[in-house]
Amino acid sequence: MPPHHRRSSQPTTGEADAWADVLVRWHLLHAVVLTPTGQWLVQDRPNGPVRVLASPADVLALAATIQHRTRSTRPESR
């Protein structure tokens with residue numbers, strides 16, 4: 001497994017937006033919306049509670065958590 005690399009800069013809004021689009025497109029989240037204040041509204045499922053994320057870094061952290069959960073629950077394929 002390759003070593004974990006640390007970022008040299010903060011995530012951008014564009015990166016967070018791209019990850020949000022992927023998460024919604026793959027039905028891993030119901031909705032992710034950037035507000036004019038720079039906060040992100042996240043909804044896991046229709047009619048579910050809405051969470052507020054403060055920054056693009058929070059969106060990328062959520063994407064990493066979802067990716068880890070998805071990979072750890074997926075059966076191994078050989």
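Structural remarks
- Qualifying positions in segment 17-35 - part of a helix (DSSP H, G or I) and farther than 14 Å from Val52 by Cα: Asp17, Ala18, Trp19, Asp21, Val22, Leu23, Val24, Arg25
- Some residue of segment 38-50 being at positive phi, open to solvent by 90 Å² or more (accessible area, probe 1.4 Å) and not charged (D, E, K, R): yes
- Evaluating Arg71 against the criteria (1) at pLDDT 95 or above; (2) in a helix (DSSP H, G or I); (3) exposed (fewer than 11 other Cβ atoms within 10 Å of the Cβ) leaves one unmet condition, (1).
- Meets criteria (modelled with pLDDT under 95, of a type outside the set (Lys, Arg) and either surrounded by 10 or more Cβ atoms within 10 Å (Cβ to Cβ) or on the phi < 0 side of the Ramachandran plot (or both)) for Ser55: no
- Some residue of segment 15-26 being surrounded by 11 or more Cβ atoms within 10 Å (Cβ to Cβ), over 12 Å from the mean Cα position of the chain (by Cα) and over 15 Å from Ile66 (Cβ atoms): no
The values are calculated or read from the model by the stated rules, or taken from the named source; none is laboratory data. Only a predicted model underlies this, so the values are computations on that prediction, with no experimental measurement involved. Positions of Cβ are generated from backbone atoms using ideal geometry, with glycine treated the same way; all protein chains shown enter the neighbour counts. For accessibility, only protein heavy atoms count, side chains too; no ligands or nucleic acids. Shrake-Rupley method; radii C 1.70, N 1.55, O 1.52, S 1.80 Å.
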